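I have placed the structure first, in the form of structure tokens, so that the comments after it can refer back to it.
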């Protein structure tokens, strides 16, 4: 068993994982654009791409994608797949908003892995003051951030799979939504963070995004 993660290691790992999670969400939006783009001929894809990313709110992006998708793909099988993905997107968009818009707070005397947390801004103060302040149960610490990033990556793969299915004019399978279990092992978080620190500049290879052609 590894030595518990130190405060300095946790701080670096926390913001590193937060950056990866927010970047992973950008991939989700790109894959959603790809799916919606299938409603147009290839000659109009670049124009649609620019129009899609001029839409500010992600909720509105989902609505645009849904209307275009349903207008072109009317079978029950296509509809069922879309409803499953849309529900996942709406749920995960709330998680992304928490990561992007809620502040990070430090809990110096918290347990390893819970010294830094993303907390809800609307969180009401507790009536009983804690002798040792702890991260609220609904906050996002390093393990929850890793889990969020894994969920974003999974839904992006689901959307990419749907895109290639539509592009090849095949019927989508009945269910292909990926599931991720989440990170339960604090020892794994410590080893992952130390691996990041041991790599020059903390850089890891970034997988290339497939081209649209």
Subset of region 16-28 [surrounded by fewer than 21 Cβ atoms within 10 Å (Cβ to Cβ) and either free of Cβ contacts under 8 Å to residues at least 60 places away in the same chain or closer than 15 Å to residue 61 by Cβ (or both)]: 19, 23, 26, 27
Within region 48-77, work out how many residues are surrounded by 11 or more Cβ atoms within 10 Å (Cβ to Cβ), over 21 Å from the mean Cα position of the chain (by Cα) and more than 19 Å from residue 26 (Cβ to Cβ). 7
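Can you find a residue that is in a strand (DSSP E or B) and out of contact with any helix residue (DSSP H, G or I) (no Cβ under 9 Å at 6 or more places or on another chain) anywhere in region 101-109?
As a first pass, look at region 101-109 and keep what is in a strand (DSSP E or B): 104-106.
From what is left, the residues that are out of contact with any helix residue (DSSP H, G or I) (no Cβ under 9 Å at 6 or more places or on another chain) are 105.
Checked region 101-109: at least one residue is in a strand (DSSP E or B) and out of contact with any helix residue (DSSP H, G or I) (no Cβ under 9 Å at 6 or more places or on another chain).
Assigned to a helix (DSSP H, G or I), over 21 Å from residue 16 (Cβ atoms), modelled with pLDDT of 90 or more and out of contact with any strand residue (DSSP E or B) (no Cβ under 6 Å at 6 or more places or on another chain): is that true of residue 162 in this structure? Full working, then the answer.
Working: assigned to a helix (DSSP H, G or I): yes; over 21 Å from residue 16 (Cβ atoms): yes; modelled with pLDDT of 90 or more: yes; out of contact with any strand residue (DSSP E or B) (no Cβ under 6 Å at 6 or more places or on another chain): yes.
Yes, satisfied.
The values are calculated or read from the model by the stated rules, or taken from the named source; none is laboratory data. Given the structure is predicted, the values throughout are model-derived calculations rather than measurements. Please note: Cβ atoms are built from the backbone with ideal geometry, for glycine as well, and neighbour counts cover all protein chains shown.
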